[in-house]
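Trainee: Below is the structure I would like to discuss, written out as structure tokens.
Nothing in this text is a laboratory measurement; each read-out follows from the coordinates by a stated rule. Note that this is a predicted model, so its numbers are computed, not measured. Virtual Cβ from ideal backbone geometry, glycine too; neighbours counted across all protein chains shown.
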Amino acid sequence: AQLGSEYSDIRLWAIQKIDIWLKSGSKVPLEILSMPLIKLISDEEIPVRLAAVKLLGLLSNVNSAAELLAQLKLEQVPDVRKELLAALGQVCNYALSPGAEFSVDVSVRTETLEMVSRYFNGDDAYFAAKIVRKLLLQNGLGKEQARSEEHTSELQSHSFISYDVFCLKKKKTK
């Protein structure tokens with residue numbers, strides 16, 4: 001009931017309580033909480049949207065991919081956009097894992113790959129590489145599902161290069 005409160009502070013508090021509940025190892029009643037939580041990814045308040053998206057990224061066993069992608073297409077706040085991409089990567093990765101309770105339409109993965117490819121420039125390259133890895137880790141996209149074989153290969157190359165650059169930067173700071 002608190003997730004639907006008219007007050008943003010209470011909605012944010014409720015999200016934080018679910019996060020604590022989840023991290024405590026207790027069983028979270030997802031059948032009751034998932035739909036109200038998914039609705040909050042389009043909340044008018046940025047902190048509420050951000051917290052809801054982060055939590056859905058942790059709850060990768062909740063099939064929120066279509067809603068996350070729809071919000072990503074509308075979202076204007078850069079930090080929320082990045083969290084939406086991260087959550088999409090998690091949900092898609094879970095959906096492809098053995099024993100997953102749901103599947104994600106391949107068009108969601110393809111669109112997410114296309115959107116994350118825009119992050120390969122500059123400081124966001126490592127972030128993009130992590131998301132691409134999650135999207136392709138379990139079994140990748142088939143040739144007929146990807147925009148082209150070259151595009152998939154290009155994304156994978158960007159991922160490896162970005163990771164290498166990140167490791168080199170990390171080494172230099174030690």
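Trainee: Starting from the Cα gyration tensor of segment 55-109, take the square roots of the eigenvalues, sort them a ≥ b ≥ c, and report rounded, prolate or oblate (rounded when a/c is under 1.5, otherwise prolate if a/b is larger than b/c, else oblate). Each step should come with its number before you reach the end.
Mentor: Details: a/c = 2.58, a/b = 1.78, b/c = 1.45.
Prolate, since a/c reaches 1.5 and a/b exceeds b/c.
Trainee: Rounded, prolate or oblate: pick one for segment 1-89, where a ≥ b ≥ c are the square roots of the eigenvalues of its C-alpha gyration tensor, a/c under 1.5 means rounded, and failing that, prolate if a/b is larger than b/c, else oblate. Provide the component values of the computation, followed by the final result.
Mentor: Working: a/c = 1.72, a/b = 1.24, b/c = 1.39.
It is oblate, given that a/c is not under 1.5 and a/b is not larger than b/c.
Trainee: Apply the Karplus parameterisation 6.51 cos²θ - 1.76 cosθ + 1.60, with θ equal to phi minus 60°, to every residue of segment 96-102 and state each ³J(HN,Hα) to the nearest whole Hz, in sequence, with x for glycine and proline.
Mentor: So the J values, rounded to whole Hz, are 8, 6, x, x, 4, 7, 8.
Trainee: Here is a follow-up. According to a simple spin-label model (label point 7 Å from Cα along Cα-to-Cβ), what is the distance in nm between Gln16 and Ser42?
Mentor: 2.7
Trainee: Got a sec? Which residues in segment 5-47 would a label at Leu74 touch, if it sits 7 Å along Cα→Cβ and we count backbone N under 17 Å?
Mentor: Zone members listed by number: 35-47.
Trainee: Now, a different point. Among 49-57, 96-104, what's the highest-first ranking by average C-beta atoms within 10 angstrom per residue?
Mentor: Details: 49-57: 23.1, 96-104: 12.4.
So the peptides 49-57, 96-104, ranked by packing, come out 49-57, 96-104.
Trainee: Explain nothing, just compute: Karplus ³J(HN,Hα) = 6.51 cos²θ - 1.76 cosθ + 1.60, θ = phi - 60°, for every residue of segment 112-128 in order, whole Hz, x for Gly and Pro.
Mentor: Karplus values, whole Hz, x for Gly and Pro: 5, 4, 5, 5, 6, 4, 6, 8, 6, 8, x, 6, 8, 4, 5, 4, 4.
Trainee: How far, in nm, would the chain grow between Glu31 and Ala100 when pulled straight, counting 0.36 nm per residue and subtracting the alpha carbon separation?
Mentor: Full extension of this stretch gives 23.2 nm more.
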